[in-house]
Amino acid sequence: MNTWVKDAIVYQIYPRSFKDSNNDGIGDINGIRSKLDYLQQLGINTLWLSPIYDSPCDDNGYDIRDYQAILSKFGTMQDFDLLLEECHQREMKLVMDLVINHCSDEHEWFEKSKQSKTGPYADYFYWSDEPNDLRSVFGGSAWEYCESRQQFYLHTFSKKQPDLNWECADLVEKIEQMVDWWLDKGVDGFRVDAISFLDKSGIEAAPNGSFATEACVNRPKGHQHLQHLMTKIHSRDVLSVGEINARDTEELLDYILPSRSEFQMAIVFTPPEVEVFHENLNRYYKEQLKTRIEVQQQGAWNANFLSNHDKPRQVSLYGDDNEFWSQSAKALAVLNLTQHGTPYLYQGEEIGMTNCYYDDISDYDDIDTLAKYREQLALGMSSNDALAMVSKASRDNSRTPMQWDDSLFAGFSDAKPWLKMNDNKSSINVDSQQNDADSVLQFYKQLIQLRLNSEALKTGETSLYDTEDAIIAYQREGDCGTYSIVVNLSNEMVSAPHIPLLESAELVLGQELSEHLPPYYFAVYKS
Ligand code: GLC
Ligand code: CA
């Protein structure tokens with residue numbers, strides 16, 4: 001793996017919500033260009049863009065109509081070329097989202113595949129005469145009837161996202177050509193979407209009532225397809241990260257062990273509900289940390305993240321977006337930036353953006369949230385309870401427009417944004433944090449510099465201290481020093497754990513250890 005990948009601090013942009021340059025209420029490429037200085041000053045050296053390709057946007061761009069065109073709402077290919085050039089001028093890398101498990105039902109391939117059971121595109125998708133009742137990720141059947149072919153097609157996600165058939169050599173060739181085309185343009189890698197779902201051959205045989213999230217993931221042929229594609233991609237100087245549904249460490253390692261030639265690292269997907277309704281999130285988090293350490297011990301690299309466009313906001317989920325907002329946002333930043341692997345930040349995390357808590361279902365846009373809401377109503381839940389339930393896990397929590405300042409639409413746009421702004425834009429925004437030395441934003445800047453300048457934090461050995469649930473404490477040991485990190489991930493005062501700090505240990509961030517640690521206490525020591 002190239003050293004730049006290990007040194008990368010990746011910032012995920014959800015283009016629709018980042019910055020609107022032409023005041024139509026939708027973020028766009030020129031908006032991103034106008035914020036490159038901001039990102040550079042933050043210390044970011046790599047951007048990952050959620051999909052910007054032409055799409056009917058049934059799932060906000062994760063349903064691609066044309067892989068080699070830009071969604072006109074986001075700009076033009078010329079705008080993209082300028083963005084790429086301006087990133088490279090700043091020595092920033094640009095990583096694209098690659099959605100190749102499925103495309104849009106409006107993609108030319110599907111339009112043609114629909115027409116005939118025998119034509120050249122006939123096998124580009126999974127067609128069946130007798131489907132089973134496999135359940136799709138967004139709810140309902142994973143099969144949809146198509147009148148013109150008098151057959152059903154498979155869609156693991158929405159019915160506007162038909163699954164591509166990787167058994168079809170022609171299709172694979174087309175995908176490889178498309179990937180090459182982007183690499184020739186100079187993009188610096190790919191975050192590969194929903195890739196654990198790649199192989200669905202013979203899925204009709206799955207037992208009735210199976211969920212796609214179980215039945216369709218991590219099947220053997222998926223790995224073969226992937227190895228072929230990724231070996232080709234890795235012949236270039238790129239970053240590769242797979243979005244992986246792994247049920248255990250072994251399944252994860254199958255994707256990221258260097259010997260497998262699949263991904264350099266994984267973003268492990270967990271359905272938001274699993275975390276939101278977990279009885280003990282700290283214990284859950286610690287289990288994840290143990291997996292991370294195992295991954296490191298096996299010689300693999302990984303991706304670190306607390307947030308993305310599919311999750312609630314980290315400060316609302318793991319921290320406290322009320323009384324201890326700033327303190328908990330900083331404590332979480334420490335966890336995200338002091339671990340082994342490449343850290344990923346999600347837009348707005350650096351200013352501590354929170355969940356949106358809308359009290360009307362009509363304010364939500366996310367296809368997944370709306371489908372789950374309807375599902376609960378159909379099961380007999382009251383509309384209030386259904387709203388309370390889906391809003392906690394809603395992906396819109398992280399998709400509200402970026403809060404740049406305290407103006408009407410928070411400096412995101414002059415027009416009403418596509419998704420309602422979060423009400424707290426006046427208290428949480430970039431502008432007010434830029435000049436406040438104690439702000440979450442300034443803290444991120446400091447922490448990013450600390451990481452960039454420390455081999456121990458990037459690649460050092462990790463050992464976890466055995467502490468009670470609320471406390472997360474670990475050591476990162478490198479050739480030029482050792483860091484000890486202690487975080488109280490609870491809103492209560494807790495007794496300090498016994499951490500055998502070396503005498504030479506100096507506090508570099510946070511507060512000195514004492515007998516009792518306040519809510520969301522954190523410390524980073526170096527010796
Ligand atoms: C991934 C994306 C998510 C999308 C899904 C289908 O999980 O992160 O946003 O809905 O794949 O493409
Ligand atoms: Ca716009």
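The values are calculated or read from the model by the stated rules, or taken from the named source; none is laboratory data. Everything quoted here is computed from the prediction, not taken from an experiment. Methodologically, a virtual Cβ is constructed for each residue, glycine included, from the backbone with ideal geometry; neighbour enumeration extends over all protein chains shown. The area values use the complete protein model at the heavy-atom level, side chains included, leaving out ligands, DNA and RNA. Shrake-Rupley method; radii C 1.70, N 1.55, O 1.52, S 1.80 Å.
What to note about this one:
- Counting only helices (runs of 4 or more DSSP H) that sit wholly inside region 186-282, those with at least 2 residues that are free of Cβ contacts under 8 Å to residues at least 40 places away in the same chain and acidic (Asp, Glu) are 249-256.
- Residue within region 4-18 that is away from ligand 2 (no atom under 14 Å from the Cβ), over 22 Å from the mean Cα position of the chain (by Cα) and either among the small types (Gly, Ala, Ser) or open to solvent by 40 Å² or more (accessible area, probe 1.4 Å) (or both) present: no
- Filter result for Asp310 (farther than 20 Å from Ala194 by Cα, part of a loop (DSSP other than H, G, I, E, B), in contact with a helix residue (DSSP H, G or I) (Cβ under 6 Å, 6 or more places away or on another chain) and not small (Gly, Ala, Ser)): no
- Selection within region 94-120 - buried (at least 21 other Cβ atoms within 10 Å of the Cβ) and of a type in the set (Ser, Thr, Tyr): Ser104, Ser113
- Some residue of region 78-93 being open to solvent by 40 Å² or more (accessible area, probe 1.4 Å), under 19 Å from Leu183 (Cα atoms) and within 16 Å of ligand 2 (Cβ to nearest atom): yes
- Filtering region 457-488 to residues that are surrounded by fewer than 17 Cβ atoms within 10 Å (Cβ to Cβ) and among the aromatic types (Phe, Trp, Tyr) leaves only Tyr465.
- Test set (1) in contact with a helix residue (DSSP H, G or I) (Cβ under 7 Å, 6 or more places away or on another chain); (2) more than 24 Å from Glu91 (Cα to Cα); (3) surrounded by fewer than 16 Cβ atoms within 10 Å (Cβ to Cβ) - Ala215 fails condition number: (3)
- Given (1) over 23 Å from Leu253 (Cβ atoms); (2) out of contact with any strand residue (DSSP E or B) (no Cβ under 9 Å at 6 or more places or on another chain); (3) assigned to a helix (DSSP H, G or I), index of the condition Glu294 fails: (1)
- Candidate set from region 27-57 (those that are over 15 Å from Glu86 (Cα atoms) and surrounded by fewer than 22 Cβ atoms within 10 Å (Cβ to Cβ)); member that is nearest to ligand 1 (Cβ to nearest atom): Cys57
- Flag if Lys35 is among the basic types (Lys, Arg), over 25 Å from Met178 (Cα atoms) and over 17 Å from the mean Cα position of the chain (by Cα): yes
- When Tyr53, Tyr38 are screened for being touching a residue at least 60 places away in the same chain (Cβ under 8 Å) and among the hydroxyl-bearing types (Ser, Thr, Tyr), only Tyr38 passes.
- Just one of the numbered conditions (1) within 16 Å of ligand 1 (Cβ to nearest atom); (2) closer than 25 Å to Lys420 by Cα is not true of Asp20: (1).
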